[in-house]
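The values are calculated or read from the model by the stated rules, or taken from the named source; none is laboratory data. Being a predicted model, the structure only gives us computed values, none of them experimental. All Cβ positions, even for glycine, are placed from backbone atoms using ideal geometry, and neighbour counts span all protein chains on display. Quick note on the areas: whole protein, heavy atoms, side chains included, nothing else; ligands and nucleic acids left out. Shrake-Rupley method; radii C 1.70, N 1.55, O 1.52, S 1.80 Å.
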Amino acid sequence: MLVLDLDGTVCLGDTPVLLYAERVAAFVDAPEALLELAGAFLGNQLPETAPKALIGAQDGYEAVRILAVAAGVTEEQLSTAYVESRAAIGEHPGDIHTPAGLVDLLAGLDAHRVVLTNSPGDGLDAILEHIGVRGVIDEVVSDALKPTRMRAHLDTFLAAAGATDTPERLMSVGDIWRNDLAPALERGCVAAYVDVFDRRQGPAHVRAESLVDLYAAISQWSRDPSSFIEANPRKEPVRC
């Protein structure tokens, strides 16, 4: 079973974060400053005057959240902004797209293919259709509440696949280590880390800055999970 994160993994592009930032900005006194810093983060061009907390943000969503909380935005307002922004993507997809060659990769895999996302279900099918993966995904789980519910999701997937005692038959692929990979490693599953911002948060069996660079590993795992995990033992990140 291949479990794929959506944003930052299967679905690329700045539009989702920018839509979120626009809706969050409606709750702050200086919306232009928030939007400018969010854009700078996405472009990897943060000014020296940017809040230091942004340097460690895991993705654009976390960067916007850091800025919003500092400006006094409440959790309820953040939730409202997120739900509204996700619903808007279906009508305003902007630059969202998949990594090159992903559809062909998924179509050729002998594995149950799941998209597991914190995104709400509203508008999700439209997003998957727009980026062209709906036909090569077997199952979609929305409102996943990762990382809190990730272990329960993995247990459900392993049981459904008859792989409770052979967890290496499940590979989790994602760009947020604490959400997608830490729980998978705890369960003995295979972890493939798309470390877009080179955060090196924790161990994984394979890692790369782009999902494209993990295609060969995903194909190898799908053919023989046991051999794959022997050849690719869990590795700690190399610290500079």
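As an exercise, find the ratio Rg/Rh for segment 97-193 from alpha-carbon atoms, using the Kirkwood inverse-distance average for Rh. Intermediate values should be presented prior to the final figure.
Numbers: Rg = 13.3 Å, Rh = 14.0 Å.
The Rg/Rh ratio comes out at 0.95.
Give me the orientation-averaged projected area of the Cα convex hull of the chain, in nm², one decimal.
One quarter of the hull surface, i.e. the mean projection, equals 12.7 nm².
Can you find, among Ala81, Asn232, His112, the residue sitting farthest towards the positive end of the charge dipole of the chain, where Lys and Arg contribute +1 and Asp and Glu -1 at Cβ?
Ranked along the dipole, the leading option is Asn232.
For the chain, what % of the accessible area comes from carbon and sulfur atoms, probe 1.4 Å?
Working: 5550 of 11120 Å².
In the chain, the share of accessible area belonging to carbon and sulfur is 50 percent.
Which residue fluctuates most in the GNM of the chain (Cα springs below 10 Å): Ala71, Ala38, Ala184?
It is Ala71.
Would you please name the GluC sites (Glu not before Pro) within segment 87-178 that are DSSP coil residues with at most 12 other C-beta atoms within 10 Å of their C-beta?
Numbers: sites: Glu91, Glu129, Glu139, Glu168; in loops: Glu91.
Sites meeting the loop and neighbour criteria: Glu91.
Evaluate the relative contact order of segment 85-207 (contact order divided by residue number), counting alpha-carbon pairs under 8 angstrom at least 6 apart; express in whole percent.
Relative contact order here is 18 percent.
Taking the Cα centre as origin and putting +1 on Lys and Arg beta-carbons and -1 on Asp and Glu beta-carbons, what dipole magnitude results for the chain, to the nearest 20 debye?
740 debye
Do any GluC sites (Glu not before Pro) in segment 29-80 lie in a loop, going by DSSP, with at most 16 other beta-carbon atoms within 10 Å of their beta carbon, and if so which?
Counting only loop positions with at most 16 other Cβ atoms within 10 Å, the GluC sites (Glu not before Pro) in segment 29-80 are Glu48.
Let me see the pair-distance distribution of segment 1-91: every alpha carbon pair, 10 Å bin width, integer percents in order.
Percent of Cα pairs in each bin: 16, 51, 27, 5, 1.
Please compute the per residue accessible area over segment 1-111 with all protein chains in place, 1.4 Å probe, rounded to a whole number of Å².
On the way: 5250 Å² over 111 residues.
Counting only protein heavy atoms, the per-residue value for segment 1-111 is 47 Å².
Starting at 0 and stepping by 5 Å, how many percent of the alpha carbon pairs of segment 160-240 end up in each bin?
For segment 160-240, the binned pair fractions read 3, 17, 29, 26, 18, 6, 2, 0, 0 percent.
I'd like the distance separating the alpha-carbon centroids of segment 72-103 and segment 2-71, in whole Å.
After rounding, the separation between the Cα centres reads 12 Å.
Rounded to the nearest 0.05, what FRET efficiency do Thr74 and Ala30 give with R0 = 25 Å and r taken as the Cβ-Cβ distance? Could you check?
Efficiency computed from Cβ-Cβ geometry: 0.90.
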